[in-house]
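Read the structure below first, then the notes.
The values are calculated or read from the model by the stated rules, or taken from the named source; none is laboratory data. If you're wondering where the values come from, they're calculated on a predicted model, not measured in any experiment. Cβ: placed from backbone, ideal geometry, glycine included. Neighbour counts: every protein chain shown.
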């Protein structure tokens with residue numbers, strides 16, 4: 001019997017730390033040499049039990065463009081219509097400062 005992990009071989013992975021949450025963007029390959037993306041949100045349980053709650057979204061190649069367009073449109077709407085005065089770069093600067101400080 002073939003190893004079931006072969007059905008979802010990981011090709012690429014990107015981790016994004018976001019406060020108490022971490023997002024994982026993983027490209028995987030099926031045994032038929034097809035590709036899909038999993039987006040996983042991982043966050044520590046509110047109880048101090050060392051457990052992480054995970055939510056996973058599977059995104060298939062035929063939906064990449066539609067998903068990307070919808071996400072960009074939604075983010076654009078929030079940035080320009082709902083929160084035009086908000087400094088979204090604040091978090092990027094703060095994260096950059098944290099990583100620069102940890103290199104010392």
| Under the condition of being in contact with a strand residue (DSSP E or B) (Cβ under 9 Å, 6 or more places away or on another chain), over 30 Å from residue 89 (Cα atoms) and not in a strand (DSSP E or B), which residue from segment 8-58 is modelled with the lowest pLDDT? | 8
| Within segment 65-86, can one find any residue that is surrounded by 10 or more Cβ atoms within 10 Å (Cβ to Cβ), assigned to a loop (DSSP other than H, G, I, E, B) and free of Cβ contacts under 8 Å to residues at least 12 places away in the same chain? | yes
| query | How many residues does segment 59-72 contain that are closer than 17 Å to residue 29 by Cα and touching a strand residue (DSSP E or B) at 6+ places or on another chain (Cβ under 9 Å)? | reply | 4
| said: Can you go through 86, 36 and tell me which one is more than 20 Å from residue 14 (Cβ to Cβ) and in contact with a helix residue (DSSP H, G or I) (Cβ under 9 Å, 6 or more places away or on another chain)? | reply: 86
